[in-house]
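A.B. asks: For reference, the structure I am asking about is given below.
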Amino acid sequence: MRIAIVGNGRAGSTAARVLREKYACNVDVFSDETRFHYARTALMYVSMGAVAPSTIIAPLPDAQLREIASLDELRGYDAVVLATGSRPVLPPWCTELDADVQCYTAWNDVAMLADARVNKKRCVVVGGGLIGAEVAEVLHHQSVPYTWLIRGTGVADDIVPGDESAMITRHMQQSGIEVQVASDVVAMVREGGRVTGLTLHSGETLAADHVVLAMGSTPSIALAQRAGLEIATGVVVDASFRTSLPHVYAIGDCAQPPWGIRPTWHDACAHGEHVAHVIAGGADAYVPSMPSMQATFLHLEWYSVGDTSSESDSWYWRDPHNDRSVRLYHRNSHVVGVQTLAIRIAREMCEAWIAQSLNVDAVRAQFADAVVDPEFTPTVVL
Ligand SMILES: Cc1cc2nc3c(=O)[nH]c(=O)nc-3n(C[C@H](O)[C@H](O)[C@H](O)COP(=O)(O)OP(=O)(O)OC[C@H]3O[C@@H](n4cnc5c(N)ncnc54)[C@H](O)[C@@H]3O)c2cc1C
């Protein structure tokens with residue numbers, strides 16, 4: 001079988017590897033970004049100088065550095081897999097990137113940020129989510145002068161409730177990270193073609209000569225759209241990653257399966273593996289794992305397992321002596337999600353509680369057993 005894969009991120013490169021190694025397919029991988037696969041999640045460690053770029057790269061055989069503009073270019077293949085990932089959301093006041101304005105999602109973004117440091121540019125980071133926090137941490141670590149603007153009330157307030165967001169924000173501020181909340185940017189100021197500042201809703205203009213936009217991402221659907229595939233927010237696929245066109249599949253961040261878009265490293269990897277079994281091994285529907293996320297906000301670890309959306313009720317515990325917390329999300333008192341700050345938890349145990357529909361009191365009673373590294377963690381009594 002001859003398979004074309006568009007995109008060499010986690011989803012596309014996993015599919016390519018399984019198709020080659022398990023099914024001896026001929027696979028061509030196309031990427032408009034790099035000829036090699038790399039760990040996108042580790043970009044910040046390269047920026048901080050904590051790891052060498054070579055350690056996050058994996059060579060991809062038969063990969064081509066080429067943008068695929070139309071599926072017509074891929075005629076003759078037995079199947080086509082779209083693994084085009086996501087693209088950054090740009091604000092209305094800045095619809096194009098240039099040498100002074102960047103995002104932080106791609107390989108070249110590391111070099112741009114390094115260039116800003118070398119040229120002693122005054123950086124402004126816009127956006128208070130996970131990527132904004134990573135960029136602020138990199139700049140802080142490198143003693144680059146910066147301002148970090150957050151539209152809402154605190155760091156990550158779009159993914160965690162207000163109490164946790166306040167704790168993360170305070171933790172980062174106490175560690176020396178400067179955060180300016182309630183700062184909505186309305187315009188970018190340019191003189192002689194170069195950025196000189198950002199104007200806020202308040203009317204204040206902040207000096208800036210390098211801007212990093214971290215305002216979220218959205219599925220990269222341009223190629224699928226041009227091919228006439230069914231699109232919602234992402235490329236609509238069934239539970240086997242089949243799109244609305246025969247022999248065309250979509251996986252990873254760009255895909256919208258029946259259980260919804262889940263733009264995570266783990267999901268992209270699992271999609272890539274499964275679609276290979278569908279195409280070459282005749283496998284059927286994929287069964288999604290329970291959602292889970294983990295991130296670190298300057299040493300403060302955040303864990304989320306199950307349904308931690310604001311649509312559920314929740315029971316909250318905050319350690320009166322340390323910056324750490326537990327939130328149990330529940331429906332009719334049955335736990336559907338677990339979220340912690342600064343407490344490492346065993347994901348499998350949380351999944352078991354949720355699968356068994358344990359109630360809040362039962363989970364509280366067992367919670368200490370789920371704490372990983374208890375010898376390094378002050379006792380948790382809920
Ligand atoms: C800085 C950062 C930190 C992150 N940290 C975490 C984390 O801690 N945990 C976590 O779970 N997730 C994290 N993520 C998200 C995670 O990286 C993504 O969910 C995952 O990489 C998605 O993989 P993918 O293969 O679907 O897409 P991508 O990795 O985005 O790869 C898609 C590739 O396709 C290419 N492409 C697109 N269109 C075309 C075309 N027409 N022709 C050719 N090539 C094309 C793109 O340029 C890109 O190289 C992070 C993301 C970023 C940016």
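The values are calculated or read from the model by the stated rules, or taken from the named source; none is laboratory data. None of these values were measured; they are calculated from a predicted model. No Cβ is skipped: glycine too gets one built from the backbone with ideal geometry, and neighbour counts run over all protein chains shown.
A.B. asks: Within 14 Å of the ligand (Cβ to nearest atom), surrounded by 21 or more Cβ atoms within 10 Å (Cβ to Cβ), at positive phi and part of a loop (DSSP other than H, G, I, E, B) - does that describe any residue in segment 247-255?
C.D. replies: From segment 247-255, those within 14 Å of the ligand (Cβ to nearest atom) are 248-255; that's our starting set.
Next cut, surrounded by 21 or more Cβ atoms within 10 Å (Cβ to Cβ) only: 248-255.
The next check asks that each one be at positive phi; those that pass are 252.
Checking the rest, the ones that are also part of a loop (DSSP other than H, G, I, E, B) come to none.
No: zero hits.
A.B. asks: Just a yes or no: is a residue in segment 219-236 near the ligand (Cβ under 10 Å from one of its atoms), basic (K, R) and either farther than 21 Å from I3 by Cβ or not assigned by TED's automatic domain parsing to the domain that holds T84 (or both)?
C.D. replies: No, segment 219-236 contains no residue that is near the ligand (Cβ under 10 Å from one of its atoms), basic (K, R) and either farther than 21 Å from I3 by Cβ or not assigned by TED's automatic domain parsing to the domain that holds T84 (or both).
Residue by residue, here is whether (1) within 30 Å of V138 (Cβ to Cβ); (2) in contact with a Pro (Cβ under 8 Å, 6 or more places away or on another chain) holds:
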residue	(1), (2)
Y303	yes, no
G306	no, yes
N322	yes, yes
S325	yes, no
V336	no, no
L341	yes, no
W353	no, no
A365	no, no
E375	no, no
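A.B. asks: Looking at segment 257-280, is at least one residue in the same structural domain as A15 (by TED's automatic domain parsing), assigned to a loop (DSSP other than H, G, I, E, B) and more than 16 Å from the ligand (Cβ to nearest atom)?
C.D. replies: yes
A.B. asks: Checking V305 against (1) at pLDDT 95 or above; (2) within 16 Å of the ligand (Cβ to nearest atom); (3) loosely packed, with under 13 Cβ neighbours inside 10 Å, which test does it fail?
C.D. replies: (3)
A.B. asks: Follow-up question, since we're still on this one. If you check every pair at least six apart or on different chains, which have Cβ atoms under 7 Å apart with a residue in segment 158-181 that is in contact (Cβ under 8 Å) with a residue 60 or more places away in the chain first and a residue that is of a type in the set (V, I, T) and surrounded by 21 or more Cβ atoms within 10 Å (Cβ to Cβ) second?
C.D. replies: From residues that are in contact (Cβ under 8 Å) with a residue 60 or more places away in the chain, the pairs are I168/V155; M172/V155; M172/V179.
A.B. asks: Being touching a helix residue (DSSP H, G or I) at 6+ places or on another chain (Cβ under 6 Å), closer than 26 Å to Y316 by Cα and among the charged types (D, E, K, R) is true for just one of D157, D163. Which residue is that?
C.D. replies: Details: D163 fails: touching a helix residue (DSSP H, G or I) at 6+ places or on another chain (Cβ under 6 Å).
Of the residues listed, the single one that is touching a helix residue (DSSP H, G or I) at 6+ places or on another chain (Cβ under 6 Å), closer than 26 Å to Y316 by Cα and among the charged types (D, E, K, R) is D157.
A.B. asks: On the given criteria, is G216 within 16 Å of the ligand (Cβ to nearest atom) and among the small types (G, A, S)? Lay out the reasoning, then the answer.
C.D. replies: Details: within 16 Å of the ligand (Cβ to nearest atom): yes; among the small types (G, A, S): yes.
Criteria met by G216.
A.B. asks: Go through (1) in contact with a helix residue (DSSP H, G or I) (Cβ under 9 Å, 6 or more places away or on another chain); (2) not assigned by TED's automatic domain parsing to the domain that holds V275 and name the single condition G49 misses.
C.D. replies: (2)
A.B. asks: Would you tally the residues in segment 322-354 being in contact (Cβ under 8 Å) with a residue 40 or more places away in the chain and over 25 Å from the mean Cα position of the chain (by Cα)?
C.D. replies: Number of matching residues: 1.
A.B. asks: Kindly indicate which of A106, A136 is farther than 30 Å from L65 by Cβ and within 16 Å of the ligand (Cβ to nearest atom). Don't jump to the end; show me each part of the working.
C.D. replies: Working: A106 fails: farther than 30 Å from L65 by Cβ.
Of the residues listed, the single one that is farther than 30 Å from L65 by Cβ and within 16 Å of the ligand (Cβ to nearest atom) is A136.
A.B. asks: Are any residues in segment 39-67 touching a residue at least 60 places away in the same chain (Cβ under 8 Å), surrounded by 17 or more Cβ atoms within 10 Å (Cβ to Cβ) and more than 9 Å from the ligand (Cβ to nearest atom), and if so, which ones?
C.D. replies: Those that are touching a residue at least 60 places away in the same chain (Cβ under 8 Å), surrounded by 17 or more Cβ atoms within 10 Å (Cβ to Cβ) and more than 9 Å from the ligand (Cβ to nearest atom): V46, S47.
A.B. asks: Starting from residues that are surrounded by 18 or more Cβ atoms within 10 Å (Cβ to Cβ) and in contact (Cβ under 8 Å) with a residue 60 or more places away in the chain, keep the ones in segment 111-121 and report whichever is nearest to the chain's Cα centre (by Cα).
C.D. replies: Here the answer is L113.
A.B. asks: Among (1) outside the structural domain of A52 (by TED's automatic domain parsing); (2) in contact (Cβ under 8 Å) with a residue 40 or more places away in the chain, which single condition is T95 missing?
C.D. replies: (2)
A.B. asks: Which of (1) within 21 Å of T308 (Cα to Cα); (2) assigned to a loop (DSSP other than H, G, I, E, B) is the odd one out, the single condition I131 does not satisfy?
C.D. replies: Looking at each condition in turn, I131 falls short on (2).
A.B. asks: Being away from the ligand (no atom under 13 Å from the Cβ) and not in a helix (DSSP H, G or I): is that true of M172 here? Show your work before the answer.
C.D. replies: Values: away from the ligand (no atom under 13 Å from the Cβ): yes; not in a helix (DSSP H, G or I): no.
Spelling it out, it is not the case that M172 is away from the ligand (no atom under 13 Å from the Cβ) and not in a helix (DSSP H, G or I).
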